[in-house]
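Accompanying notes for the structure given below.
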Amino acid sequence: MAENIEIERRWKLKKPLSFEAIHQIVAHTKDVQYINQIYLKGSNEDHTERVRTISHDFFGKNPEYWHTKKKLIETGVNQEDEEQISEEQYKELLKKADPKKEPIIKIRYVFVYNDQEFEMDIFPGRGGLMVLELELDSKDQTIELPPYLEIVAEITDEKRYRNYRLADKDWAEFGSCIQQK
């Protein structure tokens, strides 16, 4: 597995997006990914293990299979060990799926604004929650957020918005945390 330190910041977006925001995202999109992510037994809040499929096709054709282990170092900083795996390895790891978790389904738009590569994740099964992410080279890197997106709040340090928490089967109990104000 390739080991990597990941520094990222995350923001909750207001929905629905404006026409201008949709236009700008579509005009600058580098990739669209359809992701199905499943957490494995033994994961916890600070140390997760997951498998995911990523397709660049709405119908899920020709998926890529990935295995990832993440360890929280500090807020917004993780050690991430990730590798692309075969379909057979994926199926074998699926046998260790955490029964307390549901698959996370998300649509990811990768787009560029001001030489920064953003990822906007839309979670259809979680009330359409929209999260903007940016991976940084350093914690003190200057960030310029796209002005056409309405930011509700920065959620980098809010555990309830981590994918691991969004996968909880009883997520509906705290689903009100994503309601728009």
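Brief remarks follow.
- Ile7 vs. criteria closer than 26 Å to Ser138 by Cβ, surrounded by 14 or more Cβ atoms within 10 Å (Cβ to Cβ) and either of a type in the set (Asp, Glu) or touching a residue at least 60 places away in the same chain (Cβ under 8 Å) (or both): yes
- Neighbours by Cβ (under 7 Å, 6+ apart or cross-chain): first from the stretch 86-104, touching a residue at least 60 places away in the same chain (Cβ under 8 Å); second of a type in the set (Val, Ile, Thr): Pro103/Ile38
- Looking only at the stretch 55-101, and only at residues there that are on the phi > 0 side of the Ramachandran plot and of a type in the set (Gly, Ala, Ser), the one that is surrounded by the most Cβ atoms within 10 Å (Cβ to Cβ): Gly76
- Residues within the stretch 102-118 that are within 16 Å of His23 (Cα to Cα) and surrounded by 19 or more Cβ atoms within 10 Å (Cβ to Cβ), tallied: 3
- Which numbered condition Lys71 fails, given (1) under 17 Å from the mean Cα position of the chain (by Cα); (2) within 29 Å of Pro146 (Cβ to Cβ): (2)
- Selected residue (criterion: nearest to Pro63 (Cα to Cα)) from residues of the stretch 18-33 that are of a type in the set (A, V, I, L, M) and either surrounded by 12 or more Cβ atoms within 10 Å (Cβ to Cβ) or in contact (Cβ under 8 Å) with a residue 40 or more places away in the chain (or both): Val32
Every read-out reported here was derived from the displayed coordinates using simple, explicitly stated rules and does not represent laboratory data. From a predicted model like this one, the values you see are computed outputs, not experimental measurements. Don't worry about glycine lacking a Cβ; one is built from the backbone with ideal geometry, like all the others, and counts go over all protein chains shown.
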